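If you scroll down you'll find the structure; I have some questions about it.
The values are calculated or read from the model by the stated rules, or taken from the named source; none is laboratory data. All figures in this text were calculated on a predicted structure; none of them were measured in a lab. Positions of Cβ are generated from backbone atoms using ideal geometry, with glycine treated the same way; all protein chains shown enter the neighbour counts.
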Amino acid sequence: MLRRIDDPAIAAAANMARDEALLLGDSTALRLYGWSPHSVSLGYFQPLADFADLAEAIPVVRRLTGGGAIFHGDELTYALALPASALPPDVEASYALIHDAIVDALKSIGVKSLRLQHGSAQSPRAKSRWCFFEAGRHDIVDREGRKLVGSAQRRVRTARGPRVLHHGSIVIRRPPMTPFVAAIEDQAPAFCEATLRECLAQRLAAALGMEMRPDALTSAEDQMAAILRRDRYDRDAHTAMR
């Protein structure tokens, strides 16, 4: 069973804490959300000093996943937390399965995109400062080769067995800070976000061979997220750990 959790746009630290709480759980969950205020998330291995030029008012958070930084503006973010056994054992094959479902969901709202079959493999250590600056193998790009969806994975061992967090950003409107990205509004200016959420959830459920049901964080997951936010994602020491 795939739990579908629809959240509104919330603070960066709360988003990362909720994603990790789902990762540390024992269910298969898809969380869809936004960011308020707009924020920057750093890849897990990126030095904070590389972003000293950001305006002080922009919240910065460190993700659990690797890769390059993302400016989270007008976008739909997804987080898929599940047992590793629910995905192909090969990491690249798992990216292909998830990203093909996303390409199909985008097609259903009139957005043409494709999953790259070539380029650099996914890596936890970013080659570029910004995630969307350069597309690699299995990334989702528009017809001009610009990256439309930025994704990353984290695999962990828990008491319940190996688990995976696969999350990413689907750009709705191009942010001024990262003008090189592709965006849904380039092709479908009148699209409906609710429709995209529905299509994305349905395609991912089908790709995983699961039934989907609407859900929300449990009280235990809420409590875990609150602890993670307090002890990790709201702490300057965590953001500046590299």
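Of (1) of a type in the set (A, V, I, L, M, F, W, C); (2) more than 12 Å from LEU114 (Cα to Cα); (3) buried (at least 17 other Cβ atoms within 10 Å of the Cβ), ALA159 satisfies all except one. Which?
Failing condition for ALA159: (3).
Among the residues of the stretch 1-26 satisfying the criterion of being surrounded by fewer than 15 Cβ atoms within 10 Å (Cβ to Cβ) and of a type outside the set (A, V, I, L, M, F, W, C), which is nearest to ILE227 (Cα to Cα)?
ASP26
Still on this structure, I have one more. What about ILE98, is it in a helix (DSSP H, G or I) and farther than 13 Å from LEU148 by Cα?
yes
In this structure, is LEU48 more than 29 Å from PHE191 (Cβ to Cβ) and touching a Ser or Thr at 6+ places or on another chain (Cβ under 9 Å)?
So LEU48 passes the test.
Also, quick follow-up: Could you count how many residues in the stretch 77-95 are more than 15 Å from the chain's Cα centre (by Cα) and surrounded by 15 or more Cβ atoms within 10 Å (Cβ to Cβ)?
Matching residues across the stretch 77-95 total 5.
Which of the helices (runs of 4 or more DSSP H) found entirely inside the stretch 140-242 contain at least 3 residues meeting this: over 24 Å from TRP130 (Cβ atoms) and among the aliphatic types (A, V, I, L, M)?
Those helices (runs of 4 or more DSSP H) span 193-208, 219-228.
Residue check, GLN122 against (1) in contact with a strand residue (DSSP E or B) (Cβ under 9 Å, 6 or more places away or on another chain); (2) among the polar types (S, T, N, Q); (3) touching a residue at least 60 places away in the same chain (Cβ under 8 Å), all met but one. Which one?
Every listed condition holds for GLN122 apart from (3).
Residues in the stretch 102-139 that are under 21 Å from LEU48 (Cβ atoms) and not in a loop (DSSP other than H, G, I, E, B): how many?
Here the count works out to 4.
Still on this structure, I have one more. Name the one entry in ILE102, ILE70, ILE109 that is within 25 Å of MET241 (Cα to Cα) and not charged (D, E, K, R).
Exactly one residue qualifies, and that residue is ILE70.
Looking for whichever is over 23 Å from GLY161 (Cα atoms), aliphatic (A, V, I, L, M) and modelled with pLDDT of 95 or more here; the options are ALA135, ALA69, ALA84, ALA79. Which one fits?
After ruling out the rest, the residue left standing is ALA69.
Would you be able to say whether some residue in the stretch 102-121 is surrounded by 13 or more Cβ atoms within 10 Å (Cβ to Cβ) and under 28 Å from ALA159 (Cβ atoms)?
no
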